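Inspection log for the structure reproduced underneath, given as structure tokens.
The values are calculated or read from the model by the stated rules, or taken from the named source; none is laboratory data. The model shown is predicted, which means the values in this text are computed figures rather than measured ones. No Cβ is skipped: glycine too gets one built from the backbone with ideal geometry, and neighbour counts run over all protein chains shown.
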Amino acid sequence: MPINTSIKGDELTVVVEGRFDFSAHQEFRDAYEDADSGVNKYVIDMAKASYLDSSALGMLLLLRDHAGGESANVRISRCNADVKKILTISNFEQLFTIE
Amino acid sequence: MDETPLHILVADDNQSDRMILCAIVKKMGHSVCEAADGNEAINQFLEHKPDIILLDVIMPNLNGQQAAKSIKALAGEDMVPIIFLTSLQEASDLATCLESGGDDFISKPYNKIILQAKINAFSRMLKMHNTLQDQRDVIRENNEHMRHEQQVARAVYDNVAHSGCLDLPNIKHMLSPFSIFNGDVLLAARKPSGSIHILLGDFTGHGLPAAIGAMPLAEIFYGMTAKGFFMVDILREINIKLKKILPVGYFCCTCMVNLSFRRQEIEVWMGGLPDFGLYRKETGEIERIKSNHLPLGVLSSQAFDADTATFRFIPGDKLYMWSDGIIEARNTEGELFGDERLFAIFDEPDSELFFDNILKNVNQFAGENGRDDDTTLLELSMVDESEIAKVDIDLSSGAVTGPTDWNMVYTLRDETLKTFNPLPVMLNILNDVPALRNLSGQLYTLMAELFSNAFEHGVLGLSSDLKKTADGFAEYYRLRNIAMESLKDTFVKFDFDLEPLDKGGKLTIVVEDSGEGFKYDNNNFNLKSEDNSAYCGRGIPLIYSLCDSLIYFGKGNKVQVCLSWKTQLEE
């Protein structure tokens, strides 16, 4: 599953495609760890993601931790219904801005 | 080019041909051994373990083809390339050579360049074969070692994670291991009061990481449940522990349930699991219970939210709990089983079939494809407490002698009443008295009833009548929350007095609360429910049945119970 990134100002956008699961672990991690140190806002664009599993939820928590934990600014955007459902079941809206 | 020197067996009955061939091979840098017929070739093979064999087809005693068969059989898994030396020209003869186990042939008279090329080719193949074989052996050995370790660990894990009281007659369950370890945890235990705690957990990932987290989780669950802690205290403790030990990104989706037989209700905390189904016998309908929390191990203890939801649960009602493996079972087209298919199963009129139908439908759907997650399913039914065995309290620990003559007063005020469960602390003290340890189940129920009367009906002033209907049930908890917000100058005071008697002892408990009290009749507690609902709602017949005497004082906000016992004679 390919992961693409783009940076605009201090905002890093990570575009996730297809099944977001453990196989994306390293790539997803590299996507934000390799980013410029000036980044302090993160957007995960899920428009092309079909599904995510619990290890993907774990990866999102890792990103949140990397982005400053409680003070992290991470938005998860353009989720399809399945992806949104999984995020809702896990009550991730308490930790992330889901739009 | 590959120039590793090899050990080569040359077998030819014609001495001059053999010498020529040996000379060529030696010149290439290889060492040789010789044989003059098939039998000798086999013996040389056994003795010298050559890397490659050059074998003449037509030889006395045992010909080349027969020798090749024997040598290949003796070599077993080892690769021993055999190149036939032949003056035969017929294609069928050459084919027979290969069928008997030869790997190649070379025609007489020998062309040195071709011979060298063939030996080199087989040398490369040999090297590759040996590397593969070595790697396979290492992998096989590691794998066996790991499997053995996992089997032992699995046994330990099963003892910890799947023990408890899952075998109670009102619980049906199914766990399917995805790998040797299962990311799912299913725990059940009885509280000293007879209530049941159930925990279904689904750790991120499978195998070792999941199994390791399950250990402390199970320990806390069983340990605290046996001591009579409330569900929310146990969840807080597990959350802190998991947050501390699990790396970021690992967590446990969890649902914990407290089933109270006497109150006929279930209390549920749910984080990160798909909707559960609550079947109502009265209406035949299925109600959804939703996760409203983050999984355990994500939030810090300050941010952790232990709010629970309480549902009326009367005999015939059933709760269905599952891990996401059920919903995420896939068919051969990669389609998910899904929530809708799952809830459609409850359209069946006979609730006895639900459990089996869920399993049957999921298996049929996933078919050969199997399941790609851990799947756990549990059905919890409400039954009359008499259908369930009595709680088996572990008396194996604790001193034989203990305090036998003491008094203690313990007063809980506003803030403490809101958040703290005093029962484990008080029971701990009472359990230091050896004779009371034998009564701890009875004692817990007694204390729990006295405390809930003093707090819920006394301090909070709630009427137990409300809980008789489903609507009133919700109303009861709404009013309870409101009352909790405005506690001021309230208290519940426990006074324990333990005195030794000849060949036994006596415990007197006086409980007083700041509430308004109620109308009582000290001479008539054992009334049937229809005669006096205030008694029944307060569990007074139950309290009465557990102690020797029960007396209310004043306006009904102070009660005294006595419990006495005879010391059992040494056997």
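What are the residues in the stretch A:70-79 that are more than 9 Å from chain B (Cβ to nearest Cβ) and either surrounded by fewer than 19 Cβ atoms within 10 Å (Cβ to Cβ) or of a type in the set (D, E, K, R) (or both), if any?
So the first thing to find is which residues in the stretch A:70-79 are more than 9 Å from chain B (Cβ to nearest Cβ), and the list is A:71-79.
Passing the criteria: A:SER71, A:ALA72, A:ASN73, A:ARG75, A:SER77, A:ARG78.
Could you tell me whether the stretch B:242-261 includes any residue that is farther than 27 Å from A:LEU95 by Cα, more than 20 Å from the chain's Cα centre (by Cα) and part of a loop (DSSP other than H, G, I, E, B)? Break it down stepwise before answering.
Within the stretch B:242-261, the subset farther than 27 Å from A:LEU95 by Cα is B:258-261.
In the following step, the residues that additionally are more than 20 Å from the chain's Cα centre (by Cα) were identified as B:259-261.
Next, from what is left, pick out any that are part of a loop (DSSP other than H, G, I, E, B): B:261.
Yes, the conditions are met somewhere in the stretch B:242-261.
Could you tell me whether B:THR204 is out of contact with any strand residue (DSSP E or B) (no Cβ under 6 Å at 6 or more places or on another chain), among the hydroxyl-bearing types (Ser, Thr, Tyr) and within 14 Å of another protein chain (Cβ to nearest Cβ)? First the steps, then the outcome.
Values: out of contact with any strand residue (DSSP E or B) (no Cβ under 6 Å at 6 or more places or on another chain): yes; among the hydroxyl-bearing types (Ser, Thr, Tyr): yes; within 14 Å of another protein chain (Cβ to nearest Cβ): yes.
Considered against the rule, which asks whether it is out of contact with any strand residue (DSSP E or B) (no Cβ under 6 Å at 6 or more places or on another chain), among the hydroxyl-bearing types (Ser, Thr, Tyr) and within 14 Å of another protein chain (Cβ to nearest Cβ), B:THR204 comes out as yes.
Against the definition (basic (Lys, Arg), under 14 Å from the mean Cα position of the chain (by Cα), surrounded by 14 or more Cβ atoms within 10 Å (Cβ to Cβ) and assigned to a strand (DSSP E or B)), how does A:ARG19 come out, yes or no?
Working: basic (Lys, Arg): yes; under 14 Å from the mean Cα position of the chain (by Cα): yes; surrounded by 14 or more Cβ atoms within 10 Å (Cβ to Cβ): yes; assigned to a strand (DSSP E or B): yes.
Answer is yes for this residue.
Using the structure shown, decide if A:ILE44 is hydrophobic (A, V, I, L, M, F, W, C), more than 13 Å from the chain's Cα centre (by Cα) and in a strand (DSSP E or B).
Numbers: hydrophobic (A, V, I, L, M, F, W, C): yes; more than 13 Å from the chain's Cα centre (by Cα): no; in a strand (DSSP E or B): yes.
Judged against the criteria, A:ILE44 is not a match.
Inspect the stretch B:281-299 for any residue being polar (S, T, N, Q) and over 21 Å from the mean Cα position of the chain (by Cα) and give the result as yes or no.
If we filter the stretch B:281-299 for residues that are polar (S, T, N, Q), which is where we start, we get B:283, B:291-292.
Still in the running and over 21 Å from the mean Cα position of the chain (by Cα): B:283, B:292.
Yes: one or more hits.
Just name the residue that is surrounded by the most Cβ atoms within 10 Å (Cβ to Cβ) out of those in the stretch A:47-62 that are assigned to a strand (DSSP E or B) and within 11 Å of chain B (Cβ to nearest Cβ).
Ranking the qualifying residues of the stretch A:47-62, first place goes to A:TYR51.
Which numbered condition trips up B:CYS255, out of (1) over 20 Å from B:LYS468 (Cα atoms); (2) more than 11 Å from chain A (Cβ to nearest Cβ); (3) surrounded by fewer than 24 Cβ atoms within 10 Å (Cβ to Cβ)?
Failed condition: (3).
Among the residues of the stretch B:219-251, which ones are β-branched (Val, Ile, Thr) and touching a helix residue (DSSP H, G or I) at 6+ places or on another chain (Cβ under 8 Å)? Before you say what the answer is, go through the steps one by one.
Let us first name the residues in the stretch B:219-251 that are β-branched (Val, Ile, Thr), namely B:220, B:225, B:232, B:234, B:238, B:240, B:245, B:248.
Of everything in the stretch B:219-251, those that are β-branched (Val, Ile, Thr) and touching a helix residue (DSSP H, G or I) at 6+ places or on another chain (Cβ under 8 Å) turn out to be B:ILE220, B:THR225, B:ILE234, B:ILE238, B:ILE245, B:VAL248.
Which of the numbered conditions does A:HIS25 fail, given that it passes all the others? Conditions: (1) touching a helix residue (DSSP H, G or I) at 6+ places or on another chain (Cβ under 7 Å); (2) modelled with pLDDT of 90 or more.
If we test A:HIS25 against (1) touching a helix residue (DSSP H, G or I) at 6+ places or on another chain (Cβ under 7 Å); (2) modelled with pLDDT of 90 or more, just (2) comes out false.
In the stretch A:85-99, which residues are of a type in the set (A, V, I, L, M) and either under 16 Å from A:MET59 (Cα atoms) or more than 8 Å from chain B (Cβ to nearest Cβ) (or both)? Working first, answer last.
The first filter runs over the stretch A:85-99 and keeps only residues of a type in the set (A, V, I, L, M), leaving A:86-87, A:89, A:95, A:98.
The answer is A:ILE86, A:LEU87, A:LEU95, A:ILE98.
State whether one or more residues within the stretch B:85-102 are within 15 Å of B:GLU34 (Cα to Cα) and buried (at least 22 other Cβ atoms within 10 Å of the Cβ). If you could, list the steps in order and put the result at the bottom.
Here is the first cut: in the stretch B:85-102, the ones within 15 Å of B:GLU34 (Cα to Cα) are B:85.
Next, from what is left, pick out any that are buried (at least 22 other Cβ atoms within 10 Å of the Cβ): B:85.
There is at least one residue in the stretch B:85-102 that is within 15 Å of B:GLU34 (Cα to Cα) and buried (at least 22 other Cβ atoms within 10 Å of the Cβ).
Quick one: in the stretch B:516-552, which of the residues that are more than 22 Å from B:GLY472 (Cα to Cα) and of a type in the set (Phe, Trp, Tyr) is modelled with the lowest pLDDT?
It comes out as B:PHE525.
Going by what's in this entry, would B:ALA454 be described as within 15 Å of B:ASN557 (Cβ to Cβ), in a helix (DSSP H, G or I), touching a residue at least 12 places away in the same chain (Cβ under 8 Å) and among the aliphatic types (A, V, I, L, M)?
Working: within 15 Å of B:ASN557 (Cβ to Cβ): yes; in a helix (DSSP H, G or I): yes; touching a residue at least 12 places away in the same chain (Cβ under 8 Å): yes; among the aliphatic types (A, V, I, L, M): yes.
The answer is yes for B:ALA454.
Filter the stretch B:230-250 down to residues that are away from chain A (no Cβ under 14 Å), surrounded by fewer than 19 Cβ atoms within 10 Å (Cβ to Cβ) and of a type in the set (A, V, I, L, M, F, W, C) and give me whichever is farthest from B:SER195 (Cα to Cα).
Among residues in the stretch B:230-250 that are away from chain A (no Cβ under 14 Å), surrounded by fewer than 19 Cβ atoms within 10 Å (Cβ to Cβ) and of a type in the set (A, V, I, L, M, F, W, C), the one farthest from B:SER195 (Cα to Cα) is B:ILE245.
Check A:ASP36, A:ASP30, A:ASP82, A:ASP65 and return the single one that is in a loop (DSSP other than H, G, I, E, B) and either within 14 Å of chain B (Cβ to nearest Cβ) or surrounded by fewer than 16 Cβ atoms within 10 Å (Cβ to Cβ) (or both).
Values: A:ASP30 fails: in a loop (DSSP other than H, G, I, E, B); A:ASP82 fails: in a loop (DSSP other than H, G, I, E, B); A:ASP65 fails: in a loop (DSSP other than H, G, I, E, B).
Answer to the check: A:ASP36.
Looking only at the stretch B:140-148, decide whether some residue is in a loop (DSSP other than H, G, I, E, B) and either within 30 Å of B:SER381 (Cβ to Cβ) or at pLDDT below 90 (or both).
Within the stretch B:140-148, the first condition is being in a loop (DSSP other than H, G, I, E, B), and the residues that meet it are none.
There is no residue in the stretch B:140-148 that is in a loop (DSSP other than H, G, I, E, B) and either within 30 Å of B:SER381 (Cβ to Cβ) or at pLDDT below 90 (or both).
Just to be sure I understand the filter: pairs with C-beta atoms under 8 Å, separated by 6 or more residues or on different chains, first member in the stretch B:12-28 and within 17 Å of B:ASN111 (Cβ to Cβ) and in contact (Cβ under 8 Å) with a residue 24 or more places away in the chain, second member outside any loop (DSSP other than H, G, I, E, B) and of a type in the set (D, E, K, R). Which pairs pass?
So the pair list comes out as B:ASP12/B:ARG18; B:ASP12/B:ASP56; B:ASP17/B:ASP56; B:ILE24/B:LYS112.
Out of the strands (runs of 3 or more DSSP E) lying entirely within the stretch B:1-107, which hold 3 or more residues that are at pLDDT 90 or above?
Details: elements: B:7-11, B:31-35, B:52-56, B:82-86, B:104-107.
In the stretch B:1-107, the matching strands (runs of 3 or more DSSP E) lie at B:7-11, B:31-35, B:52-56, B:82-86.
Could you count how many residues in the stretch B:476-498 are outside any helix (DSSP H, G or I) and either surrounded by 14 or more Cβ atoms within 10 Å (Cβ to Cβ) or at pLDDT below 90 (or both)? Spell out the reasoning first.
Within the stretch B:476-498, the first condition is being outside any helix (DSSP H, G or I), and the residues that meet it are B:486-498.
Remaining after also requiring either surrounded by 14 or more Cβ atoms within 10 Å (Cβ to Cβ) or at pLDDT below 90 (or both): B:486-487, B:490-498.
Selection size over the stretch B:476-498: 11.
Yes/no matrix, rows are residues, columns are (1) more than 22 Å from B:PHE346 (Cβ to Cβ); (2) more than 9 Å from chain A (Cβ to nearest Cβ); (3) in contact (Cβ under 8 Å) with a residue 40 or more places away in the chain:
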{"site": "B:GLU267", "(1), (2), (3)": "yes, yes, yes"}
{"site": "B:PHE276", "(1), (2), (3)": "no, yes, yes"}
{"site": "B:GLY284", "(1), (2), (3)": "no, yes, yes"}
{"site": "B:PRO295", "(1), (2), (3)": "yes, no, yes"}
{"site": "B:VAL298", "(1), (2), (3)": "yes, no, yes"}
{"site": "B:SER301", "(1), (2), (3)": "yes, yes, yes"}
{"site": "B:ALA306", "(1), (2), (3)": "yes, yes, yes"}
{"site": "B:PHE311", "(1), (2), (3)": "no, yes, yes"}
